[in-house]
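Notes to accompany the following structure.
The values are calculated or read from the model by the stated rules, or taken from the named source; none is laboratory data. Quick caveat, the model's predicted, so the values are computed rather than measured. Cβ: placed from backbone, ideal geometry, glycine included. Neighbour counts: every protein chain shown. Just so you know, the surface numbers come from the protein's heavy atoms only, side chains and all, with ligands and any DNA or RNA stripped out. Shrake-Rupley method; radii C 1.70, N 1.55, O 1.52, S 1.80 Å.
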Amino acid sequence: MRTDDLDFHLPPELIAQVPPRERTASRLLHYTRDSREIAHRVFADLPSLLRTGDLLVFNDTRVLPARFYLRKPTGGLVEGLYLAEQSGEWQVLLRNLGRGRRGMTLEFHHDDDYTATVIEERGNGEYLIGVNPARSGSELLRRLGRMPLPPYIRREKLADAHDAEDLERYQTVYAKEAGAVAAPTAGLHFTPELLGELEGRGVGRAFVTLHVGLGTFKPVTADALEEHAMHSEEYEISAEAAEALNSAKREGRRIIAVGTTSARVIESQPADRAFEARRGATDIFIYPPYQWRHLAGLVTNFHLPRSTLIALVAALVGLDEQRRIYAEAIRERYRFFSYGDAMFVE
């Protein structure tokens, strides 16, 4: 399949820069695969579109406020993004570090009591740094970090009037396990009240964990999708989630993923065996033609052109229908990407 098949023109003004006033006020495009019907709703309508017994599968990863700034001895600013931690050292992306990198000591911009020393350069802007005095990323970034919004959401460099709002709204209300550097955005539309309404209607829920990494935003540069090197991400399925999934499969109830990350976790599991509690990594790349193993539906946002995420949607509805759905969403002025509107495919 050619990557060009996943391209489309999106008017820039449709890229959402801020979240809606209320989470459930997002619009919801409802697509039914059997009839190929498209309906335009709001996200608060979702409970009425689901069936008693459906199982929604959520990703409960928590986004770290992973973006931070350092100051070089010359006074220049270095933009940083925390990725992971190993043996007390931070694995980060650094921009504008310049020459003489290894051994360089930099001050944290918002707190000069802390410094960072460049230990190792790993290529492609990735470095290993030591923080002095030693602090874990999750601990220090809670005070100094900003949410790692994707580049299509525009914010002022060092501080922005939306920072406090982003800390709350670029996070699901059920976020639990810290480790992601990007939000599982389909979950941003849910509120405790909506989750309660779903439970009251007999809709089940299960939580898996996949820590969303930068690979989510990696563009597909290969001409053919088959040649794209898919990123790998760590995930966990708890014993409770495995039992909920197995019960739904045994009883013939629909399993519906909330977001492409949940979909990847579920579809990474073998079709011919029961779900098991496990930790693992997945580099599954879902694109047409793909034979779905477990999923009957998907709640998701509208995705970037030429991305692995839109390829997953095309695998679920078919390439021609994906194009038609997106053309309709653009005509109807839906808001796109992380802070944008959603679609429900069943």
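For the reader, a short list of remarks on this structure follows.
- Odd one out for THR300, checked against (1) over 24 Å from ALA244 (Cβ atoms); (2) in contact with a strand residue (DSSP E or B) (Cβ under 8 Å, 6 or more places away or on another chain); (3) hydroxyl-bearing (Ser, Thr, Tyr): (1)
- Qualifying residue in the stretch 165-172 (condition: free of Cβ contacts under 8 Å to residues at least 60 places away in the same chain and surrounded by fewer than 12 Cβ atoms within 10 Å (Cβ to Cβ)): yes
- Filtered residues of the stretch 1-50 (kept if in a loop (DSSP other than H, G, I, E, B), touching a His at 6+ places or on another chain (Cβ under 7 Å) and closer than 25 Å to GLY200 by Cα): SER26
- Test for ALA263: is it under 14 Å from ALA296 (Cα atoms), assigned to a loop (DSSP other than H, G, I, E, B) and either open to solvent by less than 50 Å² (accessible area, probe 1.4 Å) or among the aliphatic types (A, V, I, L, M) (or both): no
- Looking across the stretch 156-166, just one residue is modelled with pLDDT of 95 or more and touching a strand residue (DSSP E or B) at 6+ places or on another chain (Cβ under 7 Å), and that is ASP163.
- Some residue of the stretch 252-263 being farther than 30 Å from ASN124 by Cβ, over 22 Å from the mean Cα position of the chain (by Cα), among the hydrophobic types (A, V, I, L, M, F, W, C) and modelled with pLDDT of 95 or more: no
- Qualifying positions in the stretch 56-110 - within 27 Å of the chain's Cα centre (by Cα), more than 30 Å from ARG253 (Cβ to Cβ) and of a type in the set (Lys, Arg): ARG67, ARG95
- Selection from the stretch 24-51 of residues that are surrounded by 15 or more Cβ atoms within 10 Å (Cβ to Cβ) and hydrophobic (A, V, I, L, M, F, W, C): LEU28, LEU29, ILE38, VAL42, PHE43, ALA44, LEU46, LEU49, LEU50
- Counted residues, the stretch 133-155 - those being at pLDDT below 95, under 18 Å from GLU79 (Cα atoms) and open to solvent by 70 Å² or more (accessible area, probe 1.4 Å): 3
- Within the stretch 67-105, being part of a strand (DSSP E or B), exposed (fewer than 15 other Cβ atoms within 10 Å of the Cβ) and hydroxyl-bearing (Ser, Thr, Tyr) holds for one residue alone: THR105.
- One residue from THR32, THR61 being under 26 Å from ARG335 (Cβ atoms), touching a Pro at 6+ places or on another chain (Cβ under 9 Å), of a type outside the set (A, V, I, L, M) and in contact (Cβ under 8 Å) with a residue 40 or more places away in the chain: THR61
- Taken as a whole, the stretch 222-229 holds at least one residue that is open to solvent by less than 10 Å² (accessible area, probe 1.4 Å) and either at pLDDT 95 or above or in a helix (DSSP H, G or I) (or both).
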